[in-house]
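What follows is a short report on a single structure.
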Amino acid sequence: MTAPAEKESGKPGRLEEEKGKLLHVSVAASLSGPHQGALGSRDRTQTRQDTGDDERAHIHAAAAGDADPALVGWALVAEVVWYVWGVHMILIEQITCRIVGEGSREHIARLLGARIFSAMASGKKLINDPNEAVREAIEGLVETYPNLSYLDGLPEIKVVLRADVKRGAYDKVALISGGGSGHEPAHSGFVGQGMLTAAVCGDIFASPSVAAILAAIRAVTGPPGCLLIVKNYTGDRLNFGLAAEQAKAEGYKVEVVIVGDDCALPPPRGIAGRRGLAGTLFVHKVAGAAAQAGLSLSEVAAEARRVSQMVGTMGVGLSVCTIPGQVTSDRLGAGKMELGLGIHGEPGAAVADIQPVDVVVSHLLKKILSQEPQYVPVRRGSRVALMVNGLGATPVMELAIVAGKAVANLQLEHGLGVERVYTGSFMTSLDMAGMSLSVLKVDDQILSRLDASTAAPAWPVGSSGPRPSTTLPVAIPPSLKKPQPVWCGLSVFPLISAFVLVVILEAERGWKEQYKSEILRIPSELTSQGKVLEIAIRAGAEALVERREALNAIDAKVGDGDCGSTMYKGASAILEDLQDHYPLNDAAATVQEIGSSIRRSMGGTSGVIYDIFCRAAYARLNESPPPAIDAKTWAAAFEAANQAVSQYGGATAGLRTLLDALIPASTALREALDGGTEPVRAFLAAAEAAEKGAEATKGMAAMAGRSNYITSDVLSTVPDPGALAAAAWIKAAATAVSEHFQIA
């Protein structure tokens, strides 16, 4: 293979290089300029004050050199614009080049380099198509570890499983876990004898589908049954729970254990509860060893629940992660860190100045081991296991430093015996810099489970076994009187030949094609109601497609930044299937098919919620034959759908969710129709109520979903993105229908 050619460029002279460095320093000071979220104007003012005389001296020194005064001057003006108004530096560069001349772009870029190149670097990924990243990662994983395989259902069904487990024949309790991708090596890296039997992978930061979870259950569960270990996030609970119920209906023995080990925020946490973090891996290991020992399903589940009740985790982030294909959020400024963050890119519980590692470790352990509330039931003299978990971009050196400080703190400050220490990157958040600490209270039984052998590739087997209470260095040997010849022993590793099996997939075969061959076809001629239904569906879906980036930007402030992308996937699938597959003359069947489109395309909590919404609406509409479906029947179906979402999702009006748009819209529609308002105008009234309801979420305290972990100061700046999305499709559909009937 031909190596890529290096970019040809002359080496800059010393004077030019020094001037570039000086101006680079001055611009770099602006890195802690405008911030989103908890960092406001107060931080920007403080940063400008902290810049001090040294940075000003650098600016004047550079201006006094022989650089083109116009370029230096424009660079300084650009810096002022950045400080005062927060205008994006790339835009400033473009405007400056227009004024000074395009030929000066390279020099201007260097003068403004700190911010510009930081923005460019944020998007650098070793990937192809962002939408294919998870699939390609799974394929690479199983090529690396011969004891792993995956189900032939990519990209919809993303399940990694033990290669030695045959369907229906496994004679031990199967362990299944999973969640959104982006946390590697969790969860697929912990599949192996002695830990997980299978891991179900969703899209990045999105819960896996019910279909994928059910496929995993069917693939690895034998007569002893299976245990689902689920991190406490709404989407995971819903999807794994629905899959468990369906598997039980098919005759499988299934139990579910929910893990919530987050110690960042005090109770109560509303209906959401504590988040599942890296402490979940202790549950995987103990339950996996118990299952490997031949315990029954109830016994394995009991050990898993016991561990989940004795572990606590808290983390600190030094940067914001970058989702493939998206721009990195700049909410966290230079010199700042976030305490108590989750693992999906959402903001932390608090923002603070970066402190020495001793201070950070002490703070995290005090929160984890706080006696009120007592998340980890320890007292002085208790024994614990410690996990130091990197979040994706933290060097091994820094994690080792944290481990040393954490062990000393646990022993000296808290009086605990540290029996095991596991250090590495186990449950990450893509490329986030930072770490989390997990503390598990242990006894002899738990220690034996932790030390039990496992073939899971990501578990740190080198940490097994007793460790000394005090680690002392080995003394340096004394010098010999007579020099002796020293032979350097070279470790010779034999070359091992390996043959890679190439799997030829059948062309164009897949779940999606099977799905399309089984569903109904669009009628050759539409009734008047069928035409109106097509207009409404198309308008609502197109509105969500258009709002993809806007919804992502809002969700990045209060969640994981993928609301727009999730809605886009569902809306795109609806538009695609609308062309050929919706029986539009049958309203109930059409709503059912919309649910099918959502099921196969949308991940995360939104996907399962809208699936439930469509199922409930279909059930109500199906009670009436197609010609008898009128506006009041639609209103009743709308109410039934909202009730189902509330029942299964646990949310109600006022908790800052999409129901705060859906419920006002449903109420307004019913009241308008009962008052004799013409149906199209009633639809418009419902759309207006949905918009007002979505906007009103600004003033609500979040008690559900990931916004539950965001501070009220941040929440008050933007509405709930899920509610905005719901209001958007309702508004677009109502407007399109009114235009069809020429009603203003």
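Some notes on this structure:
- If the condition is being under 29 Å from I354 (Cα atoms), open to solvent by 30 Å² or more (accessible area, probe 1.4 Å) and of a type in the set (G, A, S), then the range 418-456 contributes only S425.
- If you go through the range 599-649 and keep only what is within 25 Å of P523 (Cβ to Cβ), hydroxyl-bearing (S, T, Y) and under 35 Å from the mean Cα position of the chain (by Cα), you end up with S601, Y610, Y618.
For (1) touching a Gly at 6+ places or on another chain (Cβ under 8 Å); (2) under 28 Å from L277 (Cβ atoms), each residue gets a yes or a no:
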| site | (1), (2) |
| --- | --- |
| I663 | yes, no |
| A686 | no, no |
| L715 | no, yes |
| A727 | yes, no |
| K731 | no, no |
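- Subset of the range 548-587 [touching a residue at least 40 places away in the same chain (Cβ under 8 Å), open to solvent by 30 Å² or more (accessible area, probe 1.4 Å) and under 19 Å from S597 (Cα atoms)]: Q579, D580, N585, D586
- Any hit, the range 707-723, residues being in contact with a helix residue (DSSP H, G or I) (Cβ under 7 Å, 6 or more places away or on another chain), modelled with pLDDT of 95 or more and open to solvent by 20 Å² or more (accessible area, probe 1.4 Å): no
- The one condition in (1) open to solvent by less than 10 Å² (accessible area, probe 1.4 Å); (2) more than 23 Å from R218 (Cα to Cα); (3) in contact with a strand residue (DSSP E or B) (Cβ under 9 Å, 6 or more places away or on another chain) that E346 fails to fulfil: (3)
- Of A685, A701, A726, all but one fail to be of a type in the set (A, V, I, L, M, F, W, C), surrounded by 23 or more Cβ atoms within 10 Å (Cβ to Cβ) and either touching a residue at least 12 places away in the same chain (Cβ under 8 Å) or touching a Pro at 6+ places or on another chain (Cβ under 6 Å) (or both); the exception is A726.
- Filtered by the rule that a residue be farther than 19 Å from I535 by Cα and surrounded by 24 or more Cβ atoms within 10 Å (Cβ to Cβ), the range 588-602 gives a lone residue, M602.
- Options S565, S606; residue that is at pLDDT below 90, in a helix (DSSP H, G or I) and small (G, A, S): S606
- Any hit, the range 122-131, residues being open to solvent by less than 60 Å² (accessible area, probe 1.4 Å), under 19 Å from the mean Cα position of the chain (by Cα) and at pLDDT 95 or above: no
- Exactly one residue out of K516, K531 is at pLDDT below 85, among the basic types (K, R) and either closer than 30 Å to G153 by Cβ or more than 34 Å from the chain's Cα centre (by Cα) (or both): that is K516.
Every residue, every condition in (1) in contact with a Lys or Arg (Cβ under 7 Å, 6 or more places away or on another chain); (2) surrounded by fewer than 18 Cβ atoms within 10 Å (Cβ to Cβ); (3) closer than 16 Å to V220 by Cβ, yes or no:
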{"position": "A249", "(1), (2), (3)": "no, yes, no"}
{"position": "R275", "(1), (2), (3)": "no, no, no"}
{"position": "F282", "(1), (2), (3)": "no, no, no"}
{"position": "V286", "(1), (2), (3)": "yes, no, no"}
{"position": "S296", "(1), (2), (3)": "no, yes, no"}
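- When K405 is tested against (1) open to solvent by 40 Å² or more (accessible area, probe 1.4 Å); (2) touching a strand residue (DSSP E or B) at 6+ places or on another chain (Cβ under 9 Å); (3) more than 30 Å from L126 (Cα to Cα), only condition (2) is not met.
- For L242, the conditions (1) surrounded by fewer than 21 Cβ atoms within 10 Å (Cβ to Cβ); (2) part of a helix (DSSP H, G or I); (3) without any contact (Cβ under 8 Å) to a residue 60 or more places away in the chain all hold with the exception of (3).
- Any hit, the range 210-219, residues being over 26 Å from S597 (Cα atoms), open to solvent by 10 Å² or more (accessible area, probe 1.4 Å) and not in a strand (DSSP E or B): no
- D164 vs. criteria acidic (D, E) and either open to solvent by less than 10 Å² (accessible area, probe 1.4 Å) or modelled with pLDDT under 95 (or both): no
- Exactly one residue among G180, G235 is within 21 Å of V134 (Cβ to Cβ), open to solvent by less than 30 Å² (accessible area, probe 1.4 Å) and in contact with a Phe, Trp or Tyr (Cβ under 7 Å, 6 or more places away or on another chain), and that residue is G180.
- Being in contact with a helix residue (DSSP H, G or I) (Cβ under 7 Å, 6 or more places away or on another chain), open to solvent by less than 50 Å² (accessible area, probe 1.4 Å), at negative phi and in contact (Cβ under 8 Å) with a residue 60 or more places away in the chain holds for only one residue in A644, A672, A635, A665, and it is A665.
- Breaking point among (1) farther than 30 Å from G465 by Cα; (2) crowded, with 22+ Cβ neighbours inside 10 Å; (3) not aromatic (F, W, Y), for A334: (2)
- Within the range 132-146, the set of residues being modelled with pLDDT of 95 or more, open to solvent by 50 Å² or more (accessible area, probe 1.4 Å) and either over 26 Å from V327 (Cα atoms) or not aliphatic (A, V, I, L, M) (or both) comprises R135, E136, E139, E143, T144, Y145, P146.
- Of all the criteria given as (1) surrounded by 24 or more Cβ atoms within 10 Å (Cβ to Cβ); (2) over 30 Å from R275 (Cα atoms); (3) β-branched (V, I, T), the one not satisfied by T605 is (2).
- Of the residues making up the range 652-662, those that are of a type in the set (A, V, I, L, M, F, W, C) and either closer than 19 Å to F683 by Cβ or buried (at least 24 other Cβ atoms within 10 Å of the Cβ) (or both) are L655, L658, L659, A661, L662.
- From V230, V256, residue being open to solvent by 30 Å² or more (accessible area, probe 1.4 Å), part of a strand (DSSP E or B) and not basic (K, R): V256
The values are calculated or read from the model by the stated rules, or taken from the named source; none is laboratory data. Model, not experiment: these values are computed from the prediction. Cβ: placed from backbone, ideal geometry, glycine included. Neighbour counts: every protein chain shown. Note: accessible area is taken over every heavy atom of the protein model, side chains too, but ligands, DNA and RNA are not part of it. Shrake-Rupley method; radii C 1.70, N 1.55, O 1.52, S 1.80 Å.
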